[in-house]
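Peer 1: Okay, here's the structure, questions in a sec.
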Amino acid sequence: MPARLTPAIDDTAGLNALFTAVAGEPVIALAVSGGADSLALMVLAQRWAAGLSGAPKLIVYSVDHGLRPEAASEVAMVLQAAKALGLAARGLAWTGAKPATGVQEAARIARYRLMGAAMEEDGATVLLTAHHLQDQAETVLMRMAHGSGIEGLKGMTDMAEIEGVRVHRPLLDVDPAALRAVVDGAGLVPAEDPSNTDPHYERVRWRQAMPQLAALGLDAGALALFADRMAEVDAAIAQMADGCFTEIVRLDGFGAARIELAPFIGLSPAISTRLLGRVLNIVGGRQKPRALGQVERLRQTIAESGLAKATTVLGCVIRIKDDAIAVAREPGRSLPADAVLAPHGTLVWDERFRIVNASSEAGLTASVADYLPRHRLEEFLGFKVTAPAEAIRTAPIVRDAEGGVLSLGGWSFDERIKVQLLID
């Protein structure tokens with residue numbers, strides 16, 4: 001396997017290469033826990049910005065999760081180090097009761113939400129995190145062990161959205177030893193989180209196994225190169241699946257989908273699984289976009305034996321009808337409550353429809369259509385409706401204060417309302 005190039009981080013060209021993806025952002029947030037990796041991110045970002053004319057403003061966020069008594073002093077250390085570098089910094093705290101299980105995942109969600117809220121207040125448009133080469137390798141190993149598909153095996157991407165926060169990982173190709181050297185050279189003493197060496201956590205167990213794997217040639221660089229190649233394969237499959245989506249999938253104004261059965265079965269499993277997953281994601285309200293196993297099993301059943309009766313998967317009702325796979329939103333599951341549309345406001349309804357109140361009028365309400373009779377529905381639309389009953393029942397309907405219907409599903413009957421089905 002060819003060697004994988006490691007970026008330089010000790011000169012101007014190397015720093016510019018690290019941060020080029022965010023060079024045009026006016027305000028950039030940095031997630032800094034106080035560990036060696038995140039302190040190195042802070043030092044490198046400050047050096048990069050210091051060498052620019054019209055540099056972006058950098059804001060450091062450090063979160064006390066309330067899980068260890070040392071955390072408060074670690075946040076204080078980060079704030080002091082940031083101040084010494086001339087950077088703005090804020091300490092954030094995760095307060096309230098903590099879960100008995102799944103603490104790390106809950107802390108991760110809380111951390112991103114706290115920083116996302118702070119970013120909104122401060123005008124920051126992107127959050128930088130210090131995930132590095134070793135983190136990427138551990139992620140790939142864990143996903144392999146869990147049976148992830150190609151989309152998962154590409155590992156972490158340099159750009160992502162997490163809990164509604166736009167995240168950039170500039171250090172994914174950097175060895176953590178190089179980051180430790182940056183911190184030592186800056187005269188900083190990083191905090192040591194005991195959870196990073198606790199074998200109770202799966203990531204730590206893989207970290208501890210890495211030296212043995214490296215001795216067999218499967219080091220962090222090799223795993224990262226594997227992730228790069230999986231990303232290329234994933235992009236190729238996505239491109240082909242998108243083309244097939246355009247050809248054989250039809251979405252209606254109720255948010256239901258029809259997939260032509262014969263061409264679907266003729267596709268390779270990788271492409272048809274990706275296409276089916278996209279349809280389920282759109283129609284089902286994006287409930288579990290990474291539930292690959294369920295999508296694979298459904299695709300296999302359709303391809304090998306068909307569906308004898310309607311089945312439910314990921315918030316969708318799926319049936320075979322008229323030589324097509326009909327997919328509709330499942331009624332009664334996680335459907336949104338009634339929502340008031342603010343004047344000139346926008347509402348993303350059930351993660352499926354974008355509804356815009358184009359007027360200054362208050363009192364417009366979006367709700368589930370539920371049991372609207374077909375004959376009444378056809379009076380509104382002016383044509384015969386063949387959509388599945390579930391799709392009609394789960395479509396959004398917007399009414400004004402007097403109960404007048406302004407829109408139904410993707411159809412608007414009044415200039416005050418604009419509706420769009422979300423397909424990406």
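The values are calculated or read from the model by the stated rules, or taken from the named source; none is laboratory data. Nothing here was measured: the structure is a model prediction, and the numbers come from that model. Here Cβ is always computed from backbone atoms with ideal geometry, including for glycine, and neighbour counts include all displayed protein chains. When the accessible area is computed, the model is the full protein with side chains, heavy atoms only, and any ligands, DNA or RNA have been set aside. Shrake-Rupley method; radii C 1.70, N 1.55, O 1.52, S 1.80 Å.
Peer 1: Kindly list the number of the only condition in (1) at pLDDT below 95; (2) open to solvent by 70 Å² or more (accessible area, probe 1.4 Å) that fails for LYS83.
Peer 2: Going through the list (1) at pLDDT below 95; (2) open to solvent by 70 Å² or more (accessible area, probe 1.4 Å), LYS83 breaks only (1).
Peer 1: What's the number of the only condition in (1) loosely packed, with under 13 Cβ neighbours inside 10 Å; (2) modelled with pLDDT under 90 that ALA50 fails to meet?
Peer 2: Here ALA50 meets the rest and fails (2).
Peer 1: Please name all residue pairs, on different chains or six or more residues apart, with Cβ atoms under 6 Å, provided the first residue is in the stretch 42-55 and is over 22 Å from MET77 (Cα atoms) and the second residue is open to solvent by 60 Å² or more (accessible area, probe 1.4 Å).
Peer 2: Filtered contacts from the stretch 42-55: GLY51/THR12.
Peer 1: Now for a separate question. Check off (1) within 22 Å of PRO194 (Cβ to Cβ); (2) at pLDDT 95 or above; (3) within 26 Å of the chain's Cα centre (by Cα); (4) not aromatic (Phe, Trp, Tyr) for GLY116 and give me the number that stays unchecked.
Peer 2: (1)
Peer 1: When the stretch 410-424 is examined, which residues are found to be farther than 8 Å from VAL356 by Cβ and either β-branched (Val, Ile, Thr) or without any contact (Cβ under 8 Å) to a residue 24 or more places away in the chain (or both)?
Peer 2: SER412, ASP414, ILE423, ASP424
Peer 1: Could you say whether any residue in the stretch 301-313 is touching a Gly at 6+ places or on another chain (Cβ under 9 Å) and either within 24 Å of ARG352 (Cα to Cα) or modelled with pLDDT of 90 or more (or both)? Before you say what the answer is, go through the steps one by one.
Peer 2: We begin by selecting, within the stretch 301-313, every residue touching a Gly at 6+ places or on another chain (Cβ under 9 Å); these are 313.
Now restrict to residues that are either within 24 Å of ARG352 (Cα to Cα) or modelled with pLDDT of 90 or more (or both): 313.
Yes: one or more hits.
Peer 1: Answer yes or no: is there a residue in the stretch 143-151 that is hydrophobic (A, V, I, L, M, F, W, C), surrounded by fewer than 20 Cβ atoms within 10 Å (Cβ to Cβ), modelled with pLDDT of 95 or more and out of contact with any Phe, Trp or Tyr (no Cβ under 6 Å at 6 or more places or on another chain).
Peer 2: no
Peer 1: Hey, another quick one. Yes or no: the stretch 376-391 includes at least one residue that is over 18 Å from ALA339 (Cβ atoms), of a type in the set (Val, Ile, Thr) and open to solvent by less than 40 Å² (accessible area, probe 1.4 Å). Spell out the reasoning first.
Peer 2: Pass one, the stretch 376-391, residues over 18 Å from ALA339 (Cβ atoms): 376-391.
Restricting the remaining residues to those that are of a type in the set (Val, Ile, Thr) gives 385-386.
Now narrow it down to the ones that are open to solvent by less than 40 Å² (accessible area, probe 1.4 Å): 385.
Yes: the stretch 376-391 contains one or more residues that are over 18 Å from ALA339 (Cβ atoms), of a type in the set (Val, Ile, Thr) and open to solvent by less than 40 Å² (accessible area, probe 1.4 Å).
Peer 1: Name the single residue that is most open to solvent (accessible area, probe 1.4 Å) among those in the stretch 264-289 being among the aliphatic types (A, V, I, L, M) and within 22 Å of the chain's Cα centre (by Cα).
Peer 2: First, pick out the residues of the stretch 264-289 that are among the aliphatic types (A, V, I, L, M): 265, 267, 270-271, 275-276, 279-280, 282-283.
Next, from what is left, pick out any that are within 22 Å of the chain's Cα centre (by Cα): 270-271, 275-276, 279-280, 282-283.
Details: ALA270: 49, ILE271: 21, LEU275: 2, LEU276: 0, VAL279: 1, LEU280: 4, ILE282: 4, VAL283: 0 Å².
Top of the filtered list is ALA270.
Peer 1: Given the criteria in contact with a helix residue (DSSP H, G or I) (Cβ under 7 Å, 6 or more places away or on another chain), small (Gly, Ala, Ser) and either open to solvent by less than 40 Å² (accessible area, probe 1.4 Å) or free of Cβ contacts under 8 Å to residues at least 12 places away in the same chain (or both), does ALA36 qualify? Please lay out each step first, then the result.
Peer 2: Values: in contact with a helix residue (DSSP H, G or I) (Cβ under 7 Å, 6 or more places away or on another chain): yes; small (Gly, Ala, Ser): yes; either open to solvent by less than 40 Å² (accessible area, probe 1.4 Å) or free of Cβ contacts under 8 Å to residues at least 12 places away in the same chain (or both): yes.
Here the answer is yes, as ALA36 does meet what is asked.
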